[in-house]
Amino acid sequence: MHLRYSFRVYPTAGQRALLARTFGCARVVHNDALAARKEARKGGLPYPKSTDLQKRVITAAKRTAERAWLASVGVDPLIQSLRDLDTAYRNFFESVSGKRAGRPVGLPRFKSKRDARQSLRFTRNGFRIRSNGKLNLAKIGDVRVKWSRALPADPSSVTVVLDAAGRYHASFVVDVEPSHLPEVDAEVGIDLGLTTYAVLSDGSVIDNPRFLRKAEKKLKAVQRELARKAKGSKNRAKARRKVAKAHAKVADARRDWLHKQTNRIIRETQAVYLEDLNVRGLARGRLAKSVHDAGWSTFRRLLEEKAARYGRHVGIVHRAFPSSQLCSECGHRDGPKPLAVREWACSACGALHDRDLNAARNILAAGQADRLNAPGGPVRPGVAIPHRARPVERGTRLGDQRSTGFRAAGAGGVSVL
Ligand SMILES: [Zn+2]
């Protein structure tokens, strides 16, 4: 399975200039290739093949006056930029045809110098890790890396990312063998909440961490500050950097915390059951969705990745399951409950329920039933299919938590059990 490992890197001023130029070249190659495909489509011509495109927007372009500067940077990141565009197209086609599960994927977009996030991908030919721990990037040089943990194997590629807060990261893709943990008996259902982060069917509660709320408050304050600054002013640019830094801080803190929570759950339980988040988000309205979804989808993704790696099971209760209406004692369907109702008594058996705990128990029961009925059933351990680490850098923006999940992992990361 492919995993991502991210580390802060500290390029020198000269290396930053070279990186900036390479970001620019890779962006131009991406945009030229995208424009060529769009034109072909408009003109009713066949879809240009990658090999032809490569010749056109890299090899031939270098010989023209307008694109001669493409020759001044390493060719590997330029080729990877085209490959990533191919993958983005493939994802789009598979999404449209229904071959790809999950959220619909849109057409690839043009990249801009002003994008909050700039990235470059190097394959095996384009980078190596020196014995002194520096990361050698072709035509850039030896870059200092802050190794917060060891890589479990030789990486197959590295993506160098510059985020809106001005920080550089190297994100390595490493192929690792799953290493199953000794089996345990415990299974839990998890109800993701609004007042608390989550309630587990064993009665334990995961609270929203206070430090995260503090960081979010700070973020809101600097965002208000930004809104008051005059457009185009120096102070506005300064305020914008402040917002980016606060954003990065919130994202890092949340990721580290999520790693901690999911590690504990995966270590202690054999199977975890969750509700489908889309169904849940819809039921709760837009505001709740925007505030909480980001964290929830990362929570689920981390659980799935860790389960696949350590031989655990993650089950998703997919249908619009009325987890908060059913009595977990007798199965009576008691009818919808407004969000404000935190406790209720079953009208059939009289059992007194905590809303979230009851829902978690129902999710556990539904998940276990689904798994028993599924072909193959619970005989195979670790049937969860991991979301593979995506070697493709999609055009994401700051704050898009779904897609930035792994990239800027600070002290967090994957190999933590
Ligand atoms: Zn009941």
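The values are calculated or read from the model by the stated rules, or taken from the named source; none is laboratory data. Quick caveat: nothing in here was measured; it's all calculated off a predicted structure. Cβ coordinates were reconstructed from backbone atoms using ideal geometry, including for glycine residues, and neighbour counts include every protein chain displayed. Ligands, DNA and RNA are stripped out before the accessible areas are found, and what is left, the full protein with its side chains, is counted by its heavy atoms. Shrake-Rupley method; radii C 1.70, N 1.55, O 1.52, S 1.80 Å.
Restricting attention to segment 83-93, does a residue exist that is in contact with a helix residue (DSSP H, G or I) (Cβ under 7 Å, 6 or more places away or on another chain), of a type outside the set (Gly, Ala, Ser) and either more than 20 Å from Lys49 (Cβ to Cβ) or touching a residue at least 40 places away in the same chain (Cβ under 8 Å) (or both)? Show your work before the answer.
From segment 83-93, those in contact with a helix residue (DSSP H, G or I) (Cβ under 7 Å, 6 or more places away or on another chain) are 85-86; that's our starting set.
Subset that is of a type outside the set (Gly, Ala, Ser): 85-86.
If we keep only those that are either more than 20 Å from Lys49 (Cβ to Cβ) or touching a residue at least 40 places away in the same chain (Cβ under 8 Å) (or both) too, we end up with 85.
Checking segment 83-93: at least one residue is in contact with a helix residue (DSSP H, G or I) (Cβ under 7 Å, 6 or more places away or on another chain), of a type outside the set (Gly, Ala, Ser) and either more than 20 Å from Lys49 (Cβ to Cβ) or touching a residue at least 40 places away in the same chain (Cβ under 8 Å) (or both).
Quick one: which residue in Thr298, Thr262, Thr269 is more than 16 Å from the ligand (Cβ to nearest atom), at pLDDT below 90 and polar (S, T, N, Q)?
Working: Thr262 fails: at pLDDT below 90; Thr269 fails: at pLDDT below 90.
Just a single option satisfies the conditions, and that option is Thr298.
Just to be sure, is Ser81 within 21 Å of Ala36 (Cβ to Cβ) and either at pLDDT 90 or above or open to solvent by less than 30 Å² (accessible area, probe 1.4 Å) (or both)?
Details: within 21 Å of Ala36 (Cβ to Cβ): yes; either at pLDDT 90 or above or open to solvent by less than 30 Å² (accessible area, probe 1.4 Å) (or both): yes.
Here the answer is yes, as Ser81 does meet what is asked.
Which members of segment 62-74 meet the condition of being more than 19 Å from Lys111 (Cα to Cα) and either small (Gly, Ala, Ser) or part of a helix (DSSP H, G or I) (or both)? Step through it out loud before you land on a result.
Kept after step one, since they are more than 19 Å from Lys111 (Cα to Cα), are these residues of segment 62-74: 62-65, 68, 71-72, 74.
Result: Lys62, Arg63, Ala65, Ala68, Ala71, Ser72, Gly74.
Could you list all residues from segment 350-363 that are within 14 Å of Leu192 (Cβ to Cβ) and either in contact with a helix residue (DSSP H, G or I) (Cβ under 6 Å, 6 or more places away or on another chain) or open to solvent by 30 Å² or more (accessible area, probe 1.4 Å) (or both)?
Within segment 350-363, just Leu357 meets the criteria.
Quick check: anything in segment 208-231 closer than 30 Å to Arg312 by Cβ, of a type in the set (Phe, Trp, Tyr) and touching a Leu at 6+ places or on another chain (Cβ under 6 Å)?
Looking through segment 208-231, none of the residues is closer than 30 Å to Arg312 by Cβ, of a type in the set (Phe, Trp, Tyr) and touching a Leu at 6+ places or on another chain (Cβ under 6 Å).
What do you reckon, is Thr59 more than 21 Å from Val158 (Cβ to Cβ), in a helix (DSSP H, G or I), open to solvent by 20 Å² or more (accessible area, probe 1.4 Å) and among the β-branched types (Val, Ile, Thr)?
yes
Would you please name the residue that is surrounded by the fewest Cβ atoms within 10 Å (Cβ to Cβ), looking only at residues in segment 209-239 that are part of a helix (DSSP H, G or I) and in contact (Cβ under 8 Å) with a residue 24 or more places away in the chain?
Taking segment 209-239 and keeping what is part of a helix (DSSP H, G or I), we get 210-228, 234-239.
Filter again for in contact (Cβ under 8 Å) with a residue 24 or more places away in the chain, leaving 211-212, 215-216, 218-219, 222.
On the way: Phe211: 11, Leu212: 16, Ala215: 18, Glu216: 17, Lys218: 15, Leu219: 20, Val222: 18.
The extreme case among them is Phe211.
Under 6 Å between Cβ atoms, which residue pairs at least 6 apart in sequence (or on different chains) link something in segment 314-333 that is under 17 Å from Leu274 (Cβ atoms) and open to solvent by 70 Å² or more (accessible area, probe 1.4 Å) with a partner that is assigned to a loop (DSSP other than H, G, I, E, B) and more than 8 Å from the ligand (Cβ to nearest atom)?
Note: pairs meeting the criteria are His318/Asp276.
Can you work out which of the residues in segment 334-349 that are at pLDDT 90 or above and open to solvent by 50 Å² or more (accessible area, probe 1.4 Å) is farthest from the ligand (Cβ to nearest atom)?
Within segment 334-349, the subset at pLDDT 90 or above is 343-349.
Subset that is open to solvent by 50 Å² or more (accessible area, probe 1.4 Å): 343, 345, 347-349.
Numbers: Glu343: 14, Ala345: 9, Ser347: 8, Ala348: 5, Cys349: 3 Å.
Checking each candidate, the answer is Glu343.
Against the definition (open to solvent by 40 Å² or more (accessible area, probe 1.4 Å) and in a loop (DSSP other than H, G, I, E, B)), how does Arg90 come out, yes or no?
Taking the combined requirement at face value, the residue does not satisfy it.
Considering only residues of segment 190-202 that are part of a loop (DSSP other than H, G, I, E, B) and in contact with a strand residue (DSSP E or B) (Cβ under 9 Å, 6 or more places away or on another chain), which is modelled with the lowest pLDDT?
Taking segment 190-202 as the starting set, the residues that turn out to be part of a loop (DSSP other than H, G, I, E, B) are 193-197, 201-202.
Restricting the remaining residues to those that are in contact with a strand residue (DSSP E or B) (Cβ under 9 Å, 6 or more places away or on another chain) gives 193, 196-197, 201-202.
Numbers: Gly193: 73, Thr196: 81, Tyr197: 85, Ser201: 95, Asp202: 94.
Taking the candidates together, the pick is Gly193.
For segment 99-183, which fully contained strands (runs of 3 or more DSSP E) count at least 2 residues that are among the aromatic types (Phe, Trp, Tyr)?
On the way: elements: 118-123, 127-129, 135-137, 141-146, 155-162, 168-175.
Passing ranges, in order: 168-175.
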